[in-house]
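The values are calculated or read from the model by the stated rules, or taken from the named source; none is laboratory data. Small disclaimer: the values here were computed from a predicted structure and weren't measured. We place every Cβ from the backbone using ideal geometry, glycine too, and count neighbours over all the protein chains shown.
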Amino acid sequence: MAYPFTDEHEMIRMAARGFLQDWYDGGAGPERIYQSGKAYDSRAWAGFAGELGMAAIAIDEAYGGASLGDLGRVIVMEELGASLCSLPFLTTCGIVADLIDGIGTDEIKQDVLPKIAAGEMRAAYLDGHDAKDKRVYNTVYADCVDTIFLSRRAGDAIEVVSIPTEANGLIITPEKTMDPTRSFCAVDWSGVAPLDMTVIGKTTQIQLNEIVMRSFISLAAECVGGAQKCLDMTLEYAAQRVQFDRPIASFQAIKHRCADMFICIEAARSAVYAAALAAPDDKTEAALIAKAYAVDAYFKITGDAIQLHGGIGFTWEYPLHFFFKRARANRSMFGSAPRDYDRLATLIFEDVA
Amino acid sequence: MAYPFTDEHEMIRMAARGFLQDWYDGGAGPERIYQSGKAYDSRAWAGFAGELGMAAIAIDEAYGGASLGDLGRVIVMEELGASLCSLPFLTTCGIVADLIDGIGTDEIKQDVLPKIAAGEMRAAYLDGHDAKDKRVYNTVYADCVDTIFLSRRAGDAIEVVSIPTEANGLIITPEKTMDPTRSFCAVDWSGVAPLDMTVIGKTTQIQLNEIVMRSFISLAAECVGGAQKCLDMTLEYAAQRVQFDRPIASFQAIKHRCADMFICIEAARSAVYAAALAAPDDKTEAALIAKAYAVDAYFKITGDAIQLHGGIGFTWEYPLHFFFKRARANRSMFGSAPRDYDRLATLIFEDVA
Amino acid sequence: MSQTSNLRAEFSAWMHANFCGEYECLRGRATPGDEDAFPGLRLKWEREMGAAGWIGVGWPKAYGGRDASLEDLVSFNEEYARHGGPGRAGHIGETLLAPTIIAYGTEAQKQKYLPGIKAGTEFWCQGYSEPNAGSDLSNIKTKARLENGRWIINGQKIWTSLAMDSDYIFVVARAEDGSVGRCGLVFLLVKLDQVGIDIRPIKQMSGTAEFNEVFFEGAMCDEADIIGGIGDGWKIAMALLGFERGASTLGQQMIFADEFRQIASLAKRNGMMQDPMIRQRIAKAYAGLKIMRFTALRTLEASQGGELSKEGYMSKIFWASWHRDLGELAMDVMGASAEILDDGEYNKLQKLFLFSRSDTIYGGTNQIQRNIIAERALGMPKEPRGGGIVIKG
Amino acid sequence: MSQTSNLRAEFSAWMHANFCGEYECLRGRATPGDEDAFPGLRLKWEREMGAAGWIGVGWPKAYGGRDASLEDLVSFNEEYARHGGPGRAGHIGETLLAPTIIAYGTEAQKQKYLPGIKAGTEFWCQGYSEPNAGSDLSNIKTKARLENGRWIINGQKIWTSLAMDSDYIFVVARAEDGSVGRCGLVFLLVKLDQVGIDIRPIKQMSGTAEFNEVFFEGAMCDEADIIGGIGDGWKIAMALLGFERGASTLGQQMIFADEFRQIASLAKRNGMMQDPMIRQRIAKAYAGLKIMRFTALRTLEASQGGELSKEGYMSKIFWASWHRDLGELAMDVMGASAEILDDGEYNKLQKLFLFSRSDTIYGGTNQIQRNIIAERALGMPKEPRGGGIVIKG
């Protein structure tokens, strides 16, 4: 157990890891998902979110949760990243839970949060502010959830409404994507009757940003978990692969590349943990840093891992490519790292004399 | 002798190298220049440009030159780069010679070019188009030449005039710069009487750019020469330096870094030679590529060389730092590499559908 | 590179007249990452080229070639790429094995094997790498023994491209029991269609299968189907690789240039050309193309004099790294749509992105290339093999 | 990092009241790359700190310290940096040698050496590296022999910082003839002001001289001036380096933060903040700062439990590479004026640029750091020493 985690955190991590690495099964898990043609696993959700109780991790105790906040979510997301398990955790237990906690009425909190904590509700989030014709093309996990939470402009304010996915007129079209282990959908709600939409609450653009950006930390944690898994696989391979009568792990070129991977991952990890622990005023900045750094790190690490595995690294049979494709997909998620850094630069220049 | 050079080229290279490496003297040459406080060496000019005939290399045979064009200049600049010899070759035998050849009247060519070819005239070039108060701050070698060639706007056209450096009212102020081996001056010609300025010719902005950009090739060649010298020093040091009972040249980390240096230098070399051989229509593009690539390469290589030398690499006593400082200075010469690449991108996007 | 011949014009006219109609769909296809495209039609196209005398133009006239100059070979390859000709299914036979047979083979081997290559009717693949002989290519375990006038071969080769479309494989195998490393090897010419050989495609992360495993279980060839003698296998194998640095790299570069243009054009259409960082990367990619081209010219000119010039060693790592970076650039230029598979299939740029990850690995990883450069171009000391303190002390 | 004590407030108040007047000119000075600034005044400042009890706050109370908690030490270092306190001339004695003496020294050594360190009147420098023991630190050639109750020392040390301002040097020397590597070494405490010692500054590319060569020709110290016994030199030397990973890194980071702010502020003033690529680099540098800080906290918290956590191994290479990149960024932000020396002198950012090239070398090159990480944090096999095929085969 190492800072900033406690023994309790560590127990949760071990439980999550046990479940998820069984699911991963040396790469058979992602391959099964790919073969199924559906980029989510509802049985795994029942086990992980419900029976194992992982959906409760960041929900307030008052609503049946574990109150472990961002740090708790980081643990789960690292393990999800290491297994590529196809679950709508980030949207359900991240964005949507935070949204309801942040802007929902007491009544709504009492209604929804316990369901989320119990793993009984799966949710996707959809930013409809700039949507043309009430249609967006990049909603993750929309096709495997019960409810979609949509934020939309309402005059000067922002309003969040929930739409049950069985609502008439709601069209959810899953896309085939390069990363086959995360559902990615187009959603068209133009045909949904107003009666099928429940207003969750109103907020400002600033508050909404603050809430949604906390999910950057989760995404970053997923990257760290995946990157660490790739480094572990690389170290294991390098130790057993013999060339020139030596394990390739003894070659300086391999050692130094692994050392650089380690530095990169640990730096990303520091950024993620710092963001999870950041005070509310520092959260946005810390989340930007964590996400931009970790997304770049993940892509770099998966590329390095493929390279260090030699021929086997680029085969389909070996599961590295699933991580590589996830890492690449994360580069487009919630905007690009260069955009994040540019926003960060704006914050920095506002701050200096 | 290797493509694109002939035996004649190779003889010239050997002659230039012999002279300049004697001057360099294991680093004593640049140190002497530093100690002198004057960033040029007029005695070396007399020997190199005059006696050895190097000033004639790119001048047309009709004016007493060797007619070896850009490729000939590349040879000289590589060797100047490898020695850091403080001579106004690029300005005199590059920009100014090309300007006169390109836009001078026959009379002026007959007058000036043979003097340049014989090493009897040293010249600096100064772009005064956007100068405020007839003053610029970044003219190389202005304090060690006979004549300054100034381009300035004349209505819609560009006019090039020559000003003898002894002209009344011409104020040339050498600056101390981080790179102590190349003169860098502020020039103020606001007090020069019109009578002291001789019109060399008129031209367009486009033609002037084409002429001046040929000097990008020379600058790039200087970078390649300097970078090669730094790699040679590194290989020599790595072969004799023993750590852990092995020459450090046998460590893969050192070998691979040197291999990367080699790749980087050879790539820059290809860019430079390609630019020297480019047809007139391709010259600007090729010169941009050569300069941007070689300037970046040089800076990277000198940094690598210092790193691979360990402690001795960052001492003053060891001459690597002179190359490092020159490489850094070249990053600011004729604009930055990012600006060059941006211009290149403009050319590329004009070209594609 | 001075005078011109009429080969360029002649070949260009032929391509114009013949690379059309049913072959139209092959335009720009079957390049690395796409080698499983239209297998039957590609072989037909090879026969078309062979019948017209366009295979082996660089071979000596005695073997039906045109003894084309380096300059003509460059022109030939450039024209082929310019017309969008598909990846050459016969290039291993034509540009690697044939020169090796011509240089080291017997007269009987020349008579037996060159005509089929030249006609575009017989295709070859390469049996070098093994599961434990990747970077360490000399660690060959495949065995060959001579029995009743035949070589009997047992073992496994891997990363063999085009094996499914080929008729023959050349195999480096260990003939002397107990020999290690570069000694005791033979270089054999083996028919693929026999019971002792099993070919299994290796699916890559791009979903395609350019590479194969080839299993030998009592596979056979004639005693005469050996190039050189017993123990010459390594020498022949390396000589063959030497022919790889040829004018065809210029053709490859034209494929790269085409990919680059596609990406730049997309950036212009979708507005990414406004992004300052994309502009830098586009410009650097273009600079890399120009550098590759001139480096190839330097190498080719130098190799005319018989010596391999130092800069030749950088070609593999430079193009491989460049191409990998181009794949990343392509994805970033595609922007948000980069992740979506239109019609459920990878598009050309997505394939480029995925396949290019193998470029820095097959044919010698970047790490091995750096070793080679350090040792051969820069004269640095060799790496200790095992037997340092790592294995025994 | 939970509860707070009043040490931060107390020290901050003291700095406010005392770091002023004649000391004003030391503000932000004497950092690496600037260590030759105001030598006399810096030593006076150390005495000032010592007299007020601000040296050795982390030492046990028995030796005059305050036994400050990790949290307090972090606060102490942060406050010092926040007030712009100059580089600490006494840090080698206070944070490296003193803990070593406290852990491994005799009572007599504690009595003899700790008070001078604590008072800020006696300064120490480090004699580890030699011309042929750089990366290979165990290849010590400096000899020490015992004669008539004294150690006689012959040899040479190099890259010794602060030697000119110091009173003592601790020296790792070879006491047993014929011993090699880590065996047979002693760790000696030696007065610098004696005829057998000659100190020569090494001028760096920044024009300053942070480092020195120290020559020993029959230099002497008492038989009792040894820490540990004969043969313990390596163990003691490594233990001393272990104390380096301390709370002072957080102070160093505040110096870095200050440099960063200066650069960002310049970019804002001179318009470079509009450049998209400069913006990316500024943001990444800032991210690096935050990452360094949190990594240090992770390491410090873990080391409280007695174990050195893995991420601690990355600290040196991370900050050194970050700082080198910051130097390059500084120059690019300065733009055209980066090359000009105002008043003929390097300004602060130019010094940062030049001096930072040594950051990735001294105290273990980036290459050595990568070896250490691979072997200790990742458990990869050790490099073979010589004796592979390189030297003898």
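Scanning the stretch D:126-175 for residues that are part of a loop (DSSP other than H, G, I, E, B) and away from every other protein chain (no Cβ under 14 Å) gives D:Thr142, D:Asn148, D:Gly149, D:Leu162, D:Ser166, D:Asp167, D:Ala175. Of the listed requirements (1) of a type outside the set (A, V, I, L, M); (2) at pLDDT 90 or above; (3) within 22 Å of D:Ser321 (Cα to Cα), D:Pro276 misses just one: (3). When each of A:Glu61, A:Glu31, A:Glu79, A:Glu10 is tested for being touching a helix residue (DSSP H, G or I) at 6+ places or on another chain (Cβ under 9 Å) and over 21 Å from A:Val140 (Cα atoms), the lone residue that passes is A:Glu10. Against the test of being surrounded by fewer than 24 Cβ atoms within 10 Å (Cβ to Cβ) and in contact with a helix residue (DSSP H, G or I) (Cβ under 9 Å, 6 or more places away or on another chain), the options A:Thr198, A:Thr234 yield a single qualifying residue, A:Thr198. Answer yes or no as to whether A:Ala28 is farther than 20 Å from A:Thr91 by Cβ, small (Gly, Ala, Ser) and either at pLDDT 95 or above or buried (at least 16 other Cβ atoms within 10 Å of the Cβ) (or both). The answer is yes for A:Ala28.
Residues in the stretch B:214-229: is at least one within 14 Å of chain D (Cβ to nearest Cβ) and in contact with a Leu (Cβ under 7 Å, 6 or more places away or on another chain)? The answer is no, given that none of the residues of the stretch B:214-229 is within 14 Å of chain D (Cβ to nearest Cβ) and in contact with a Leu (Cβ under 7 Å, 6 or more places away or on another chain).
Every condition in (1) in contact (Cβ under 8 Å) with a residue 12 or more places away in the chain; (2) more than 13 Å from chain B (Cβ to nearest Cβ); (3) over 19 Å from the mean Cα position of the chain (by Cα); (4) surrounded by fewer than 23 Cβ atoms within 10 Å (Cβ to Cβ) is met by C:Gln350 except one, and the failing one is (4). Inclusion of C:Ser337 among residues that are touching a residue at least 40 places away in the same chain (Cβ under 8 Å), of a type outside the set (Asp, Glu), more than 7 Å from every other protein chain (Cβ to nearest Cβ) and out of contact with any strand residue (DSSP E or B) (no Cβ under 6 Å at 6 or more places or on another chain) is not warranted. A count restricted to the stretch D:340-354 and to residues that are under 24 Å from B:Gly310 (Cβ atoms) and in contact with a strand residue (DSSP E or B) (Cβ under 7 Å, 6 or more places away or on another chain) stands at 0. Of all the listed residues (D:Leu43, D:Leu73), the sole one being assigned to a helix (DSSP H, G or I), modelled with pLDDT of 90 or more and within 20 Å of the chain's Cα centre (by Cα) is D:Leu43. Here B:Arg153 passes the criteria (1) over 24 Å from the mean Cα position of the chain (by Cα); (2) assigned to a strand (DSSP E or B); (3) within 24 Å of B:Ala62 (Cα to Cα); (4) of a type outside the set (Ser, Thr, Tyr) except the one numbered (3).
With the structure loaded, tell me whether D:Ala283 is more than 8 Å from chain A (Cβ to nearest Cβ) and either surrounded by fewer than 21 Cβ atoms within 10 Å (Cβ to Cβ) or assigned to a helix (DSSP H, G or I) (or both) or whether it fails that test. Taking the combined requirement at face value, the residue does not satisfy it.
For the residues A:Ala290, A:Ala329, A:Ala353, A:Ala268, the requirement of being farther than 16 Å from A:Asn209 by Cβ, more than 10 Å from chain C (Cβ to nearest Cβ) and either touching a strand residue (DSSP E or B) at 6+ places or on another chain (Cβ under 9 Å) or assigned to a helix (DSSP H, G or I) (or both) singles out A:Ala268.
Does D:Met380 fit the bill of being aliphatic (A, V, I, L, M) and outside any helix (DSSP H, G or I)? Yes; evaluated as a whole, the condition is true for this residue.
Restricting attention to the stretch A:13-22, which residues are in contact with a helix residue (DSSP H, G or I) (Cβ under 7 Å, 6 or more places away or on another chain) and among the aliphatic types (A, V, I, L, M)? Within the stretch A:13-22, A:Ala16, A:Leu20 qualify. Looking for something under 24 Å from D:Ala163 (Cβ atoms), out of contact with any Leu (no Cβ under 8 Å at 6 or more places or on another chain), buried (at least 16 other Cβ atoms within 10 Å of the Cβ) and of a type outside the set (Lys, Arg) - is there at least one such residue anywhere in the stretch D:20-30? Scanning the stretch D:20-30, I find at least one residue that is under 24 Å from D:Ala163 (Cβ atoms), out of contact with any Leu (no Cβ under 8 Å at 6 or more places or on another chain), buried (at least 16 other Cβ atoms within 10 Å of the Cβ) and of a type outside the set (Lys, Arg), so the answer is yes. Here are the criteria: (1) under 30 Å from C:Gly40 (Cβ atoms); (2) part of a helix (DSSP H, G or I); (3) out of contact with any Gly (no Cβ under 8 Å at 6 or more places or on another chain). Tell me which single one C:Asp258 does not satisfy. The one condition C:Asp258 does not meet is (3).
Here the condition is being surrounded by fewer than 16 Cβ atoms within 10 Å (Cβ to Cβ) and out of contact with any strand residue (DSSP E or B) (no Cβ under 8 Å at 6 or more places or on another chain); of D:Gly218, D:Gly271, it holds for D:Gly271 alone. Considering the stretch B:125-142, and only residues there that are in a strand (DSSP E or B) and within 14 Å of chain D (Cβ to nearest Cβ), the residue that is surrounded by the most Cβ atoms within 10 Å (Cβ to Cβ) turns out to be B:Thr139.
Considering only the stretch A:202-210, I want to know if a residue exists there that is within 12 Å of another protein chain (Cβ to nearest Cβ), touching a residue at least 40 places away in the same chain (Cβ under 8 Å) and either surrounded by 19 or more Cβ atoms within 10 Å (Cβ to Cβ) or in a strand (DSSP E or B) (or both). No; the residues of the stretch A:202-210 include none that is within 12 Å of another protein chain (Cβ to nearest Cβ), touching a residue at least 40 places away in the same chain (Cβ under 8 Å) and either surrounded by 19 or more Cβ atoms within 10 Å (Cβ to Cβ) or in a strand (DSSP E or B) (or both). Restricting attention to the stretch C:293-306 and to residues that are surrounded by 23 or more Cβ atoms within 10 Å (Cβ to Cβ) and more than 7 Å from every other protein chain (Cβ to nearest Cβ), the residue that is nearest to B:Glu285 (Cα to Cα) turns out to be C:Ala296. The condition of being without any contact (Cβ under 8 Å) to a residue 12 or more places away in the chain and at the interface with chain A (Cβ under 8 Å from one of its Cβ atoms) holds for D:Ser309.
Residue-by-condition table, conditions (1) at pLDDT 90 or above; (2) surrounded by fewer than 18 Cβ atoms within 10 Å (Cβ to Cβ); (3) of a type in the set (A, V, I, L, M):
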site	(1), (2), (3)
D:Ile140	yes, no, yes
D:Ala144	yes, no, yes
D:Glu147	yes, yes, no
D:Ile153	yes, no, yes
D:Thr160	yes, no, no
D:Phe170	yes, no, no
D:Asp177	no, yes, no
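Filtering the stretch B:10-35 to residues that are within 14 Å of another protein chain (Cβ to nearest Cβ) and on the phi < 0 side of the Ramachandran plot leaves B:Glu10, B:Pro30, B:Glu31, B:Tyr34, B:Gln35. Out of all the residues in the stretch D:379-388, is one or more closer than 25 Å to D:Pro32 by Cα, surrounded by fewer than 23 Cβ atoms within 10 Å (Cβ to Cβ) and either within 14 Å of chain C (Cβ to nearest Cβ) or at pLDDT below 95 (or both)? Within the stretch D:379-388, not a single residue is closer than 25 Å to D:Pro32 by Cα, surrounded by fewer than 23 Cβ atoms within 10 Å (Cβ to Cβ) and either within 14 Å of chain C (Cβ to nearest Cβ) or at pLDDT below 95 (or both). Could you tell me whether any residue of the stretch A:159-171 is within 14 Å of chain C (Cβ to nearest Cβ), in a loop (DSSP other than H, G, I, E, B) and surrounded by 17 or more Cβ atoms within 10 Å (Cβ to Cβ)? The answer is no, given that none of the residues of the stretch A:159-171 is within 14 Å of chain C (Cβ to nearest Cβ), in a loop (DSSP other than H, G, I, E, B) and surrounded by 17 or more Cβ atoms within 10 Å (Cβ to Cβ).
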